[in-house]
Amino acid sequence: MYHMRDDVLKASKLLYKAQIEKHKVNVENMLNNTVGVAEHPDIVETIEKEISIIAEYDDKLKVLKKYFRER
């Protein structure tokens, strides 16, 4: 029997993982690319914002995995 529930959970997990990866790439780029650093005068603050976003999506992913298992 088809359950949309599992599709929604799977899509949410994929979205959260993709957002985490996107912001990890941003941080890596800022850490390894001097051109990217020049665009952001306060690099530490910019990286901190990116890490906060990663933490937010990581928390959401953990909640889904803990409380809403696929059937």
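The values are calculated or read from the model by the stated rules, or taken from the named source; none is laboratory data. Bear in mind the structure is a predicted one, so any value in this text is a computation, not a measurement. Neighbour counts run over all protein chains shown; Cβ positions are idealised from the backbone, glycine included. The protein model used for the area step is the full one, side chains on, heavy atoms only, and it has no ligands, DNA or RNA in it. Shrake-Rupley method; radii C 1.70, N 1.55, O 1.52, S 1.80 Å.
Quick one: would you say LYS24 is in contact (Cβ under 8 Å) with a residue 24 or more places away in the chain, open to solvent by 90 Å² or more (accessible area, probe 1.4 Å) and either in contact with a strand residue (DSSP E or B) (Cβ under 8 Å, 6 or more places away or on another chain) or assigned to a helix (DSSP H, G or I) (or both)? For LYS24, the condition - in contact (Cβ under 8 Å) with a residue 24 or more places away in the chain, open to solvent by 90 Å² or more (accessible area, probe 1.4 Å) and either in contact with a strand residue (DSSP E or B) (Cβ under 8 Å, 6 or more places away or on another chain) or assigned to a helix (DSSP H, G or I) (or both) - is met.
Have a look at LEU31, LEU15, LEU64 and point out the one that is modelled with pLDDT of 95 or more, open to solvent by 60 Å² or more (accessible area, probe 1.4 Å) and assigned to a helix (DSSP H, G or I). It would help to see each step written out before you state the result.
Values: LEU31 fails: modelled with pLDDT of 95 or more; LEU64 fails: open to solvent by 60 Å² or more (accessible area, probe 1.4 Å).
Of LEU31, LEU15, LEU64, the one residue that is modelled with pLDDT of 95 or more, open to solvent by 60 Å² or more (accessible area, probe 1.4 Å) and assigned to a helix (DSSP H, G or I) is LEU15.
Taking each residue of the stretch 48-71 that is more than 24 Å from VAL25 (Cα to Cα) and looking for partners that are open to solvent by less than 90 Å² (accessible area, probe 1.4 Å) and among the hydrophobic types (A, V, I, L, M, F, W, C) with beta-carbon atoms closer than 6 Å, six or more apart or interchain, yields PHE68/LEU9; GLU70/LEU9.
Taking the condition assigned to a helix (DSSP H, G or I), among the charged types (D, E, K, R) and surrounded by 13 or more Cβ atoms within 10 Å (Cβ to Cβ), does GLU56 pass? Spelling it out, GLU56 is indeed assigned to a helix (DSSP H, G or I), among the charged types (D, E, K, R) and surrounded by 13 or more Cβ atoms within 10 Å (Cβ to Cβ).
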